[in-house]
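Here is the structure we will look at.
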Amino acid sequence: MKPRTACQLLLALLLGACHARDQANRSPADLDAPGEVIKEKPLPAARAMQADTTVAGAFLRWAEAVRRADTAAVNAFISPAHGLWVLEQPGALPLLTRVTDVRRLRRSQPQPSFFTLAAELMPCLRPTVVDTLPTATCDGPPGNEAGFARTGCLLGPARAAALSSIWDHATLRGGSAAQGRAAIATGRYAVLQTDTGYRFYWARIAGQWWLVLLDLRVPCSA
């Protein structure tokens, strides 16, 4: 064995013995004590997602609640003061029903549950804003038999005046004509889904969007 190699080996053995003696002389607390603490830099705070407080956001949350059949979430969009009016055309005369809980609504269909509406809602990532909602002409091509000048999920001014006379000749359930007129007078915007012709009237009261009227009449079906 070369002298330099022997010296290196002897030095290594001496250092190892010293390290073992130091470890033996330390208390258990010393052995468990952490070494240098490395402080991690805090991550940037994530930007809080702001709730969509627009009428479009309210409609989308309501539609999602309908698809989930979430009664409590759907009822949360019903104004305590005005209730929800549902307009249907089961026969010669329109039918207007006022409810404050959708579980009490019986639609004029073979399957009368309110949540059958879920299957009739159009897919709608975001309603398209228009200056004026189109009306049905009943002379459209296949796929748009109602003849809407523009199709899709549309959002525009409510134009509730068009419904002002319907309260005089409709069959009313759960409320009076005066209550119905007061409710629809608060409507500011409406969402139209041209696949069905359904309209959803929204009012903003005390800083919150409320669904005040569901017009479930199918255009050109008479």
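Residue count for region 189-207 satisfying the condition of being touching a strand residue (DSSP E or B) at 6+ places or on another chain (Cβ under 6 Å) and closer than 28 Å to Cys138 by Cβ: 9.
When you scan region 188-202, do you find a residue that is assigned to a loop (DSSP other than H, G, I, E, B), on the phi > 0 side of the Ramachandran plot and buried (at least 19 other Cβ atoms within 10 Å of the Cβ), even just one? Looking for residues that are assigned to a loop (DSSP other than H, G, I, E, B), on the phi > 0 side of the Ramachandran plot and buried (at least 19 other Cβ atoms within 10 Å of the Cβ), one finds at least one in region 188-202, hence yes. For region 153-171, a residue qualifies if it is surrounded by 15 or more Cβ atoms within 10 Å (Cβ to Cβ), at pLDDT 90 or above and either farther than 19 Å from Phe200 by Cα or among the small types (Gly, Ala, Ser) (or both), and the qualifying residues are Gly156, Ala158, Ala170.
Just one of (1) among the β-branched types (Val, Ile, Thr); (2) surrounded by 19 or more Cβ atoms within 10 Å (Cβ to Cβ); (3) touching a Cys at 6+ places or on another chain (Cβ under 8 Å) fails for Thr128. It is (2). When region 163-212 is filtered for residues that are of a type in the set (A, V, I, L, M, F, W, C) and under 18 Å from the mean Cα position of the chain (by Cα), the ones remaining, listed by number, are Ala190, Val191, Leu192, Phe200, Trp202, Ala203, Trp209, Trp210, Leu211, Val212. When the criteria are applied in full, Arg126 meets the requirement of being touching a helix residue (DSSP H, G or I) at 6+ places or on another chain (Cβ under 9 Å) and either in a loop (DSSP other than H, G, I, E, B) or hydrophobic (A, V, I, L, M, F, W, C) (or both). Cβ-Cβ contacts under 6 Å between residues 6 or more apart (or on different chains), taken from a first residue in region 180-198 that is without any contact (Cβ under 8 Å) to a residue 24 or more places away in the chain to a second residue that is part of a helix (DSSP H, G or I), are listed as Arg181/Trp167.
With respect to Phe115, determine if the residue is out of contact with any Ser or Thr (no Cβ under 7 Å at 6 or more places or on another chain), touching a residue at least 24 places away in the same chain (Cβ under 8 Å) and closer than 23 Å to Gly207 by Cβ. Here the answer is no, as Phe115 does not meet what is asked. Per the listing Thr151, Thr137, Thr132, Thr186, the residue uniquely within 23 Å of Arg67 (Cα to Cα) and among the hydroxyl-bearing types (Ser, Thr, Tyr) is Thr151. For region 72-121, the set of residues classified as buried (at least 18 other Cβ atoms within 10 Å of the Cβ), of a type outside the set (A, V, I, L, M) and assigned to a loop (DSSP other than H, G, I, E, B) consists of Phe77, Ser79, His82, Gly83, Pro94, Arg107, listed by residue number.
The values are calculated or read from the model by the stated rules, or taken from the named source; none is laboratory data. It should be emphasised that the depicted structure is a prediction, and the values quoted were computed from it without experimental measurement. Using ideal geometry, Cβ is built from the backbone for each residue, glycine included, and neighbour counts are taken over all protein chains shown.
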